[in-house]
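Q: One structure, as structure tokens, below. Some questions next.
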Amino acid sequence: MAKFYITTPIYYINAVPHIGHAYTTIVADVLARWHRLFGDDVFFLTGLDENSIKTVEAAREQGFKDIQAYADSMAKAWVGAWKLLDISYDDFIRTTQERHKRNVHELFNRIKERGDIYKGEYEGLYCEGCEAYIAEGDLVDGKCPLHQKKPKLIKEKNYFFKLSKYRNQILKHIQSNPQFIQPETRKNEVLSFLKSGLKDISVSRPELEWGIKVPGDPKQTIWVWLDALVNYMLPRDYWPADAHIIAKDIIRFHCVVWPGMLLSAGFELPRQIFAHGFLTVEGQKISKSLGNVIDPSYLIEKYSADVIRYFVIREVSFGQDGNFSEESLRTRLNDELADVFGNFVHRVLTFIRDRFEGTVPNGKVDKKLEAEVSERIGQVEKLLEGLKVTQALDEIMVIAGRGNEYFQSHKPWKTIKSDPQKAADCLLNCTNLVKVLCVALSPFMPSTCGKLAKQLNVEVGSWKRAKKFDIRSGHKIGKPSVLFTKVRTDNPSKPLKPRASIKDFEKLDIRIGRVTKAEKIPGSKKLLKLELELAGERRTIVAGIAEHYPSEELIGKQVAIVTNLEPVKLMGVKSEGMLLAAEDEGKISILTADKPVKPGAKVK
Ligand code: MSP
């Protein structure tokens, strides 16, 4: 039984997880689940990096006096999110745990015993976003380009690690182990960084109130990255890690600092570091200030964990940057999961239920089809071994398409009358195809495939089952039910739109108007005719709020109106403006001014 130890980065706890963190964790989970299915001895580790300055700042911002209490509350949020996403980690490490502190001290001492730690003085710029020193030349407009923050000038006495001593060894290791850093572009990035020289690094900071202290020198706190990287040594029996999954933002720490630490401490290096790309949301960088941080739990509630898992892996070619858009998610849900995979499964299972009394009919295995599928599954296996999750999923979806096509072209609904044996053959083969999909997709969509396994009345069992048509005639299936429901694309909760310029905004003339009259428009359930007082003029507008507000309640309200849109006629009444209102799951709430203002006051 081969060992497979996989990790995600341990995430900072200054915020709750967003879709970017979820992405890394989903990929690692798919790989862990696949290796388990394949029969490997898997260990999957994720967790939290709690000893950062960011933790202290966030705790203060949120009014926590006790930083540990803040960390505990955040840990609950992260664990909760991963539960909703069906993340099957084997252990969840928090760097404030004693077991972790022990490991950090052990590693620090080993490096020290090796003679690789020395006292020095450092003067330089420190970016608290990166939790690392930053070179002047890497700044853009005086700020860290990643965090848009001005770094702090720091001059302090601290401990140094002789990283430069390991430069050649690390270089050689990367060159002679082509799999060590993947994809290629990232490897080349690291190589050119190393070739430009490597300096020793400061690995402690004085006078920090939070973090792990240097053994024997409690005035010094261990640099949070050195602390964090050691998390990977938690399951010692599984070391070296087979795959560290990270994104491109943290390659230097993983591909240079971490190997240096391990070489010094006398541990083996990880087998592979895979740095994937960055996700944007609706085309924009994920950032608090842009307000586009998507909380995965909102998406899960709306679409289910499996749809999110499927979408991110299929949409973002693993290794490259990609975009998360709800519109594309709905398209893939509707066109691929519902129309192809779900449709095929449902047609096959309901056919067996309705025409063969729920029992797989006595048919002949289509050997050609079985061989074709088995070969494709072999491909999937190779792709997953090489961490190529997107391509693997693409191949599996080809099988789903093939299934649909097979059912369609064999027309069992016709042959059941003209040549029942043909229909029986078709259904035996299609049931097996459904089972192949159920096994192969289970690492990607564990909950859906669990349900499907029940409908098929089979155990997902092992990966081998994806290669064989082993469901025989006479097998009783369970109760079919729909796996995916389509979501209409004109869903009321629209994703955020791309940025508009202030000029675009200024084209609109939005004013506060006072409602002087409100009445229902005869013949319409929804429309109200409102008369408004604006800057020295009166306007009539039509608004679709009759079901949400009784007319009399609106009189005197100071409502927000877009005044310069082209007038439109609704049910014979000319509307000379648009009332602004918020819509939430079909409920309407009109926008009003918070304090009394003159009719016609501008909204800007
Ligand atoms: N605490 C460090 C990691 C220490 S590991 C020893 C850290 N934490 S983090 O919370 O900032 O997480 C960074 C990681 O989160 C990225 O490497 C990536 O895995 C994931 N992502 C964060 N934003 C992301 C995107 N926008 N897109 C894809 N992945 C993203 O760095």
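Q: Which condition breaks for Glu547 when tested against (1) open to solvent by 20 Å² or more (accessible area, probe 1.4 Å); (2) under 30 Å from Asn432 (Cα atoms); (3) out of contact with any Gly (no Cβ under 8 Å at 6 or more places or on another chain)?
A: All conditions pass for Glu547, except number (2).
Q: A follow-up question, please. Looking at segment 234-250 only, could you name the residues that are open to solvent by 10 Å² or more (accessible area, probe 1.4 Å) and of a type in the set (Val, Ile, Thr)?
A: Result: Ile250, single match.
Q: How many residues does segment 37-60 hold that are open to solvent by 20 Å² or more (accessible area, probe 1.4 Å) and touching a residue at least 40 places away in the same chain (Cβ under 8 Å)? I'd like the intermediate steps shown before the answer.
A: Taking segment 37-60 and keeping what is open to solvent by 20 Å² or more (accessible area, probe 1.4 Å), we get 37-41, 43, 53-54, 57, 60.
Restricting the remaining residues to those that are touching a residue at least 40 places away in the same chain (Cβ under 8 Å) gives 37-39, 41, 43, 53-54, 57.
So the count comes out to 8.
Q: On the basis of being outside the structural domain of Val515 (by TED's automatic domain parsing), of a type in the set (D, E, K, R) and open to solvent by 40 Å² or more (accessible area, probe 1.4 Å), does Lys604 make the cut? It would help to see each step written out before you state the result.
A: Values: outside the structural domain of Val515 (by TED's automatic domain parsing): yes; of a type in the set (D, E, K, R): yes; open to solvent by 40 Å² or more (accessible area, probe 1.4 Å): yes.
So Lys604 passes the test.
Q: Let me ask something else. Kindly provide the set of residues from segment 462-491 that are without any contact (Cβ under 8 Å) to a residue 60 or more places away in the chain, of a type outside the set (Asp, Glu) and under 24 Å from Arg376 (Cβ atoms), ordered by number.
A: Lys464, Arg465
Q: Considering only residues that are outside any loop (DSSP other than H, G, I, E, B) and near the ligand (Cβ under 7 Å from one of its atoms), which ones fall in segment 255-279?
A: Selection gives His276, Leu279.
Q: Select the helices (runs of 4 or more DSSP H) contained entirely in segment 5-91, then report the ones holding at least 2 residues which are within 14 Å of the ligand (Cβ to nearest atom) and over 15 Å from Gly211 (Cα atoms).
A: Here the list reads 19-38, 67-84.
Q: Does segment 128-135 contain any residue that is without any contact (Cβ under 8 Å) to a residue 24 or more places away in the chain and assigned to a helix (DSSP H, G or I)?
A: So far as segment 128-135 goes, no, none of its residues is without any contact (Cβ under 8 Å) to a residue 24 or more places away in the chain and assigned to a helix (DSSP H, G or I).
Q: Could you please give the count of residues in segment 216-254 that are assigned to a strand (DSSP E or B) and farther than 30 Å from Asp138 by Cα? Even if it seems obvious, please write down each step before you answer.
A: Initial filter on segment 216-254 (assigned to a strand (DSSP E or B)): 217-222, 243-247.
From what is left, the residues that are farther than 30 Å from Asp138 by Cα are 217-219.
Number satisfying all stated conditions: 3.
Q: A further question follows. Which of the helices (runs of 4 or more DSSP H) found entirely inside segment 390-501 contain at least 1 residues meeting this: in contact with a Ser or Thr (Cβ under 8 Å, 6 or more places away or on another chain) and open to solvent by less than 70 Å² (accessible area, probe 1.4 Å)? Steps first, answer last, please.
A: Numbers: elements: 412-418, 420-441, 446-456.
Counting at least 1 such residues, we get 420-441, 446-456.
Q: Is it the case that Phe253 is touching a strand residue (DSSP E or B) at 6+ places or on another chain (Cβ under 8 Å) and either in the same structural domain as Val389 (by TED's automatic domain parsing) or of a type outside the set (Gly, Ala, Ser) (or both)?
A: yes
The values are calculated or read from the model by the stated rules, or taken from the named source; none is laboratory data. What you are looking at is a predicted structure, and each value in this text was computed from that prediction instead of being measured. Here the Cβ is made from the backbone with ideal geometry for all residues, glycine too, and neighbour counts use every protein chain on show. With ligands, DNA and RNA removed, areas are computed over all heavy atoms of the protein, side chains included. Shrake-Rupley method; radii C 1.70, N 1.55, O 1.52, S 1.80 Å.
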